[in-house]
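Colleague: Quick one: the structure is below, questions incoming.
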Amino acid sequence: MPISKFLRIKEVGLLVGDVLILYGSLALMLFIRYGTVSEQVPRVHFMPFSILFIVWVLIFYIPGLYDIRSLNRTRAVEEKFWPAITIGVSFAI
């Protein structure tokens, strides 16, 4: 069954929200760590964390965690979420 435009927009919204949260968390972490965010600090951290964020998004995308139709079933989300988190944490370490 083809996905409607409305569902596709919601899925893109989930993806954009995750990316915003990832970069917002990075900025907050850098501010907490350094007390101020000069121009040099984000530049040094941007590329390594961008690569890590791309991997995290792929890890969530592959099992279908951005599929709006499957998010209605809580059990299905749990079965996909915890293995994805485990793989992501293992990769990040």
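Colleague: Could you please tell me which pairs satisfy a Cβ distance under 7 Å, a separation of 6+ or placement on different chains, a first residue in region 41-65 that is aromatic (Phe, Trp, Tyr), and a second residue that is in a helix (DSSP H, G or I) and open to solvent by less than 40 Å² (accessible area, probe 1.4 Å)?
Modeller: Phe49/Leu26; Trp56/Gly88; Phe60/Ala84
Colleague: What pairs can you find where one residue is in region 3-32 and closer than 17 Å to Phe46 by Cβ, the other is not in a helix (DSSP H, G or I), and their Cβ atoms are less than 7 Å apart, with a gap of 6+ or different chains?
Modeller: Going by the 7 Å Cβ cut-off, the qualifying pairs are Ala27/Val37; Leu30/Val37; Phe31/Val37.
Colleague: Among the residues of region 57-80, write down those that are assigned to a helix (DSSP H, G or I), at pLDDT 85 or above and out of contact with any Phe, Trp or Tyr (no Cβ under 8 Å at 6 or more places or on another chain).
Modeller: Residues satisfying the conditions are Val57, Leu58, Tyr61.
Colleague: Does Ile54 count as under 17 Å from Thr86 (Cα atoms), β-branched (Val, Ile, Thr), open to solvent by 40 Å² or more (accessible area, probe 1.4 Å) and part of a helix (DSSP H, G or I)?
Modeller: yes
Colleague: Just wondering, is there one or more residues in region 33-50 that are open to solvent by 80 Å² or more (accessible area, probe 1.4 Å), more than 12 Å from the chain's Cα centre (by Cα) and within 21 Å of Lys10 (Cβ to Cβ)?
Modeller: no
Colleague: Suppose we filter region 13-32 for residues that are surrounded by 12 or more Cβ atoms within 10 Å (Cβ to Cβ) and either over 23 Å from Trp82 (Cα atoms) or modelled with pLDDT under 85 (or both); how many remain?
Modeller: Residues that pass the stated criteria total 4.
Colleague: For Arg69, state whether it is at negative phi and free of Cβ contacts under 8 Å to residues at least 24 places away in the same chain.
Modeller: The answer is no for Arg69.
The values are calculated or read from the model by the stated rules, or taken from the named source; none is laboratory data. All values reported here derive from a predicted model rather than from experimental measurement. Reconstructed Cβ throughout: ideal geometry from the backbone, glycine too, with neighbour counts over all protein chains shown. These area figures cover heavy atoms from the full protein model, side chains too; ligands, DNA and RNA do not enter into them. Shrake-Rupley method; radii C 1.70, N 1.55, O 1.52, S 1.80 Å.
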